[in-house]
Amino acid sequence: MKKLLLIFTLFLSTLFASENIKFGIYTSDKPSDMYKKFKTVINYLEKDLKAKGIDSKISLKIYPTYDAAIDGLTKGEYDFARFGPASYIIAKQKNENIKLLVMEINKGKKIFNGVFITHDKSGITKLEQLEGKTFAFGNSKSTIGRYLSQSELLKHGIGSEELKSFKYLGRHDKVALAVLNEDFDAGVVKEKTFKKYKNKYPNKSLKMIKTFDNVTKPWVVKENMSENVYEALKASMLGLKDKKVLKVFKGDGFVETNDQEYNFVREGMNLSKRF
């Protein structure tokens, strides 16, 4: 009987391999908001991985800066991350062995919008009118908050020398509030942030100047993640259909991806060097 019990225990320990998995994100929005969002996803992944034979505990770390999160993944301090496209590209340059896991989709699409915004008193209706104006960017490593927006501005004849001044504020919500309070003539945010803050306060309103395309966010894993965990995580995310979990992204779920899907972001990053 004892021998059978030992065999059964060994069988279970093999079937349910214990894994401590670390998930990292950077503060593109308020840390408290991000924790609420991603804790829901982590809870789902822990449960689904257990059903797949991996008895995991996933810890969540919110890094204060883009750089810290990028360096953390490339150095293997944590296991997987949700990055913006530019952060993935920068991380890939630092460590070519990091690997894409999945990418998000929204309404069945891999593309979503960045938005150039202004306050309702500015009179600005097109990008060319930003000459001589003040401008708020997001984070200096942000796909929308810097690279693609600067690329788009250059296409309309606006570089750093054409602006009166500009500043990186670090997060999309900070940009929206700064423009709303008329601290800057204009700025750039992701579409979700624009919609959230457009009419947030009485007698104040944000206006859209122009939109531009960005590819949806990739989820990325560190170098040398075990193939067993990688495939289980990927299967869990591709199989995620629970709307209560997905609503934190306001998306439909996840699909497979490859490095080539982010080439147009690379092109925008290269063009932005002229800003």
Q. With all protein chains present, how much of the accessible area of segment 149-275 (probe radius 1.4 Å) comes from carbon and sulfur, to the nearest whole percent?
A. 46
Q: Kindly report the accessible area of segment 192-263 per residue (heavy atoms of protein chains, probe 1.4 Å, no ligands, DNA or RNA), in Å².
A: 54
Q | In segment 101-179, the GluC sites (Glu not before Pro) that fall in loop regions by DSSP, at most 14 other Cβ within 10 Å | A | Glu131, Glu161
Q) Mind checking Rg over Rh on the chain, alpha carbons, Kirkwood formula for Rh? A) 1.06
Q: Just check segment 99-207 against the gyration tensor rule for me: Cα atoms, a ≥ b ≥ c as the square roots of the eigenvalues, rounded for a/c under 1.5, and otherwise prolate or oblate depending on whether a/b exceeds b/c.
A: oblate
Q: Quick one: which residues, 5+ away or cross-chain, put their amide H under 5 Å from the amide H of Val102? H built at 1.01 Å from N.
A: Trp219
Q: Classify segment 214-275 as rounded, prolate or oblate from the Cα gyration tensor: take a ≥ b ≥ c as the square roots of its eigenvalues, call it rounded if a/c is under 1.5, otherwise prolate when a/b beats b/c and oblate if not.
A: oblate
Q: Two decimals is fine: what's Rg over Rh for segment 58-150, C-alpha atoms, Kirkwood radius as Rh?
A: 1.06
Q: Calculate what fraction, in whole %, of the accessible area of segment 19-74 sits on carbon and sulfur atoms when a 1.4 Å probe is rolled over the protein chains.
A: 50
Q. Taking segment 54-96, how much of its Cα-Cα pair set, in percent, is spaced more than 14 angstrom apart?
A. 47
**Q.** Probe 1.4 Å, all protein chains present, accessible-area order of Asp29, Asp183, Asp259, largest first
**A.** Asp183, Asp259, Asp29
Q. Relative to the longest principal Cα axis of the chain, at what angle does helix 2-15 sit, 0 to 90 degrees, rounded to 10?
A. 20
Q: Mind grabbing the accessible area of Arg146 for me, 1.4 Å probe, Å², rounded to tens?
A: 60
Q. How large is the helix-only mean residue ellipticity at 222 nm for the chain, computed as the sum of -39500 (n - 2.57) over DSSP H runs with n ≥ 4, divided by its residue count, in deg cm²/dmol to the nearest 500?
A. -11000 deg cm²/dmol
Q) Which aspartates and glutamates have a Cα less than 18 Å from the Cα of Lys133, not counting those fewer than 8 places away in the same chain? A) Asp120, Glu152, Glu161, Glu162, Glu182, Asp183, Asp185
Q) Of Asp71, Asp79, which has the most accessible area with a 1.4 Å probe, and how do the rest follow in descending order? A) Asp71, Asp79
Q: On a 0 to 90° scale, report how tilted helix 31-51 is relative to the longest principal axis of the chain, with both axes built from alpha carbons and the result rounded to the nearest 10.
A: 30
(Q) Using only Cα atoms and rounding to the nearest 10 degrees, what angle (0 to 90) does helix 227-238 make with the longest principal axis of the chain? (A) 60
Q: Once you've got the GNM for the chain with C-alpha springs shorter than 10 Å, pick whichever of Lys243, Lys110, Lys198 has the biggest mean-square fluctuation.
A: Lys243
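The values are calculated or read from the model by the stated rules, or taken from the named source; none is laboratory data. These figures come from a predicted structure and were not determined experimentally. So basically every Cβ, Gly included, is an ideal-geometry build from the backbone, and we count neighbours across all protein chains shown. To get the accessible areas, we keep the full protein, side chains included, count just its heavy atoms, and leave off ligands, DNA and RNA. Shrake-Rupley method; radii C 1.70, N 1.55, O 1.52, S 1.80 Å.
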